[in-house]
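Some notes on the structure that comes next.
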Amino acid sequence: MTSLTFEDFTPGHFGTFGPRHVTREEILAFAAEYDPQPMHLDEVAANASMLKGLSGSGWHLGSLMMRMLFDGFIGRTASLGSPGVNEMRWMAPLRPGDDLTLDVDVTEARVSKSRPETGIVTFKGTIRNAAGTVLCEMESPIIVRRRDHAEAK
């Protein structure tokens, strides 16, 4: 059931989600299917790489972020989708055994000029491991129904 509409997203810190534990097996499985580079699949090659050890694909990290966003709030938001990702930065490697935490901030919330029944909310997501190291940052807008126009899902 939809419970969050445009009016629920004001600029500032929105929430913290997780932790989400990442296993070696899921890093290998994702890499084998979608990003079969040696640093994601082979311990010896990974140790010889600039990453100095097995690391998850940045695309895996982005997928994990999306899942955490969905489970955290998007799944109960009157979202109509996203026009894309403004920025995605991989800051440090995703490692087997990492416990991920996602901080979400609303950087902008504005009513759409062309579709006033909706608003555009821009989020900045930051994923950290248990040591507090930032692994990934993403900024992305989503289109959200305004309260007076929200339909129950």
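The values are calculated or read from the model by the stated rules, or taken from the named source; none is laboratory data. Quick caveat, the model's predicted, so the values are computed rather than measured. Please note that ligands, DNA and RNA were not included when accessible areas were found on the heavy atoms of the full protein model with its side chains. Shrake-Rupley method; radii C 1.70, N 1.55, O 1.52, S 1.80 Å.
Overview of results
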{"quantity": "Share of carbon and sulfur in the accessible heavy-atom surface of the chain [1.4 Å probe, %]", "calculated": "53"}
{"quantity": "Helix-only mean residue ellipticity at 222 nm for the chain, each DSSP H run of n ≥ 4 adding -39500 (n - 2.57), per residue, nearest 500", "calculated": "-6500 deg cm²/dmol"}
{"quantity": "Percent RCO, i.e. relative contact order, over segment 79-142, from Cα pairs under 8 Å lying at least 6 residues apart", "calculated": "44"}
{"quantity": "At 0.890 mPa s and 25 °C, Stokes diffusion of segment 96-153 via Kirkwood alpha-carbon radius, µm² per second", "calculated": "185"}
{"quantity": "Sequence-separation-based contact order of the chain, relative, with Cα cut under 8 Å and 6+ spacing, percent", "calculated": "32"}
{"quantity": "Distance from segment 97-153 to segment 44-79 (C-alpha centre basis), Å", "calculated": "16"}
{"quantity": "Value of Rg/Rh across segment 1-98 [Cα atoms, Kirkwood radius]", "calculated": "1.07"}
{"quantity": "Residue-normalised accessible area of the chain, given per residue in Å² at a 1.4 Å probe", "calculated": "54"}
{"quantity": "When the convex hull of its Cα atoms is projected in every direction, mean area for segment 28-153 (nm²)", "calculated": "8.8"}
